[in-house]
Each structure stands twice: as C-alpha cells, then as structure tokens.
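Written out below as structure tokens is the structure these notes cover.
The values are calculated or read from the model by the stated rules, or taken from the named source; none is laboratory data. Everything numeric here is computed off the predicted structure, so don't read it as measured data. Here the Cβ positions follow ideal geometry from the backbone for every residue, glycine too, while neighbour counts run over all protein chains shown. Heads up: the accessible areas ignore ligands, DNA and RNA and are worked out on the full protein's heavy atoms, side chains in. Shrake-Rupley method; radii C 1.70, N 1.55, O 1.52, S 1.80 Å.
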Amino acid sequence: MRNILIVFAKLNPGIRYVQGMNEILAPLFYVFKNDPDAEMAAAAEADTFFCFVELLSGFRDHFCQQLDNSNVGIRSTISRLSQLLKEHDEELWRHLEITTKVNPQFYAFRWITLLLTQEFNFADSLHIWDTLLSDPEGPLETLLRVCCAMLILIRRRLLAGDFTSNLKLLQNYPSSNISHLLYVANKLRTQAIG
C-alpha cells in the first residue's frame, strides 16, 4: 500500500498524499489481495493502484485544500448533503443546523472524505462500497444519499439531543443494519424522482 501511495503522490504533485488516503486504499487492496485466484491476487498492487486512481478521480477535489471553498471542493459537497437533508427532513435539518448549531463539517467532512470507512466495521464498509461503486449515478451521489440516510435513521435521537450529545453521536455513529441503511438511501433517490 505504501508503494501505491508514493507513486500516486509523485504522479499528482498538486495533491500529493493527504491523511486518510490510506483509509480509501485499504478496502481496495484487501479485495484484490484476497482474490481466490492466486494469479489475480498476485496482481493486487497494480489492480489496486488503477482502481484507487479511478476512485480518487471523482473525489480528488476533496483532498485539494486550494479547492475547499470552490464549487467542487469539500465544503460544496458538505453543503449538498445539508441541502439533501433539508429536502427530505426539514425538521431534522432545522434542529441540527439552526437550533443546536451542529455544523455538518463537524461530522460530514470525515464521512465524505473517507467514504464512510471510519463509521462502520470493515465488512459493513465493503457492503456500502459495493453500493457506492456499482451505482450508475456515480459514487458521490450515492455517498450523499447514504450520509443523509444515516442522519434520518438516528432522527429521534438527534431531535432529542443538544449540541454536545448530537456532535458526539454523529462523530461516533452507532452500529446499524447496513442493508436497511442502504434501503433508506435508495428510497431517497426514488423520492427525489417521484
């Protein structure tokens, strides 16, 4: 994994290595390295590098500090999550952002930049990634719906909480039924269409 990150940093001098890239790389490497076909597993490093570069091409701007305040940077993506929550649950949005003043950057920055790898156990992260990477709309749109669904699933606890308890809850997301979480996220897509 170290070799992949070094080569990526050399090929992308504008971004280089940013803390957390290893969290995105690890699931890819794990899947390729554990291929039951020994010949395929032997090519894990090259396959992982290719997929890592492809995956980061859609999220690269989140790692570029100069773009933080642009319409493609991390703050813009967090604003899109906030808007998605407002569209699907305005009461919860109002409670979090206006009443308790929990800025989405306090929790969503990590959720988005690390593609939820720190919020769930490894097996559940792989399940979520299967959905993110197979969605024809692309991983970012799906990621935002999953993040919004995460908020909706703990709605009752968030509405009952104050700034401190909500921030603690959102920074230490409780264990969840991942299949149900993905079902709720998918329903957000159909609600937006219908």
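Could you list, in sequence order, all residues of region 126-136 that are open to solvent by 20 Å² or more (accessible area, probe 1.4 Å) and either part of a helix (DSSP H, G or I) or in contact with a Lys or Arg (Cβ under 6 Å, 6 or more places away or on another chain) (or both)?
Correct list: Leu126, His127, Asp130, Thr131, Leu133, Ser134.
If I filter region 24-46 down to residues being of a type outside the set (A, V, I, L, M, F, W, C) and assigned to a helix (DSSP H, G or I), which single residue comes out as farthest from the chain's Cα centre (by Cα)?
Glu39
All but one of (1) in contact with a helix residue (DSSP H, G or I) (Cβ under 7 Å, 6 or more places away or on another chain); (2) open to solvent by less than 80 Å² (accessible area, probe 1.4 Å); (3) free of Cβ contacts under 8 Å to residues at least 60 places away in the same chain hold for Gly20; which doesn't?
Of the numbered conditions (1) in contact with a helix residue (DSSP H, G or I) (Cβ under 7 Å, 6 or more places away or on another chain); (2) open to solvent by less than 80 Å² (accessible area, probe 1.4 Å); (3) free of Cβ contacts under 8 Å to residues at least 60 places away in the same chain, the odd one out for Gly20 is (3).
Taking Arg60 and the conditions (1) touching a helix residue (DSSP H, G or I) at 6+ places or on another chain (Cβ under 6 Å); (2) modelled with pLDDT under 90; (3) among the basic types (Lys, Arg), which numbered condition does it fall short on, given that it satisfies the others?
Of the numbered conditions (1) touching a helix residue (DSSP H, G or I) at 6+ places or on another chain (Cβ under 6 Å); (2) modelled with pLDDT under 90; (3) among the basic types (Lys, Arg), the odd one out for Arg60 is (1).
Could you count how many residues in region 115-125 are crowded, with 17+ Cβ neighbours inside 10 Å and either of a type outside the set (Ser, Thr, Tyr) or in contact with a Cys (Cβ under 8 Å, 6 or more places away or on another chain) (or both)?
Residues in region 115-125 being crowded, with 17+ Cβ neighbours inside 10 Å and either of a type outside the set (Ser, Thr, Tyr) or in contact with a Cys (Cβ under 8 Å, 6 or more places away or on another chain) (or both): 5 in total.
Outside the structural domain of Asp89 (by the TED database), part of a loop (DSSP other than H, G, I, E, B) and either surrounded by fewer than 17 Cβ atoms within 10 Å (Cβ to Cβ) or in contact (Cβ under 8 Å) with a residue 60 or more places away in the chain (or both) - does that describe any residue in region 178-194?
Yes, region 178-194 contains at least one residue that is outside the structural domain of Asp89 (by the TED database), part of a loop (DSSP other than H, G, I, E, B) and either surrounded by fewer than 17 Cβ atoms within 10 Å (Cβ to Cβ) or in contact (Cβ under 8 Å) with a residue 60 or more places away in the chain (or both).
Could you check how many residues of region 98-112 are assigned to a helix (DSSP H, G or I) and buried (at least 21 other Cβ atoms within 10 Å of the Cβ)?
Within region 98-112, residues that are assigned to a helix (DSSP H, G or I) and buried (at least 21 other Cβ atoms within 10 Å of the Cβ) number 4.
Identify, please: which residue in region 137-177 is of a type in the set (Lys, Arg) and without any contact (Cβ under 8 Å) to a residue 12 or more places away in the chain and is, among those, surrounded by the fewest Cβ atoms within 10 Å (Cβ to Cβ)?
Narrowing region 137-177 to residues of a type in the set (Lys, Arg): 145, 155-157, 168.
The next check asks that each one be without any contact (Cβ under 8 Å) to a residue 12 or more places away in the chain; those that pass are 156, 168.
Working: Arg156: 9, Lys168: 11.
If we take residues in region 137-177 being of a type in the set (Lys, Arg) and without any contact (Cβ under 8 Å) to a residue 12 or more places away in the chain, then Arg156 is surrounded by the fewest Cβ atoms within 10 Å (Cβ to Cβ).
Report, by residue number, each residue of region 1-19 that is part of a loop (DSSP other than H, G, I, E, B) and within 18 Å of Thr113 (Cα to Cα).
Asn12, Gly14, Ile15, Arg16, Tyr17, Val18, Gln19
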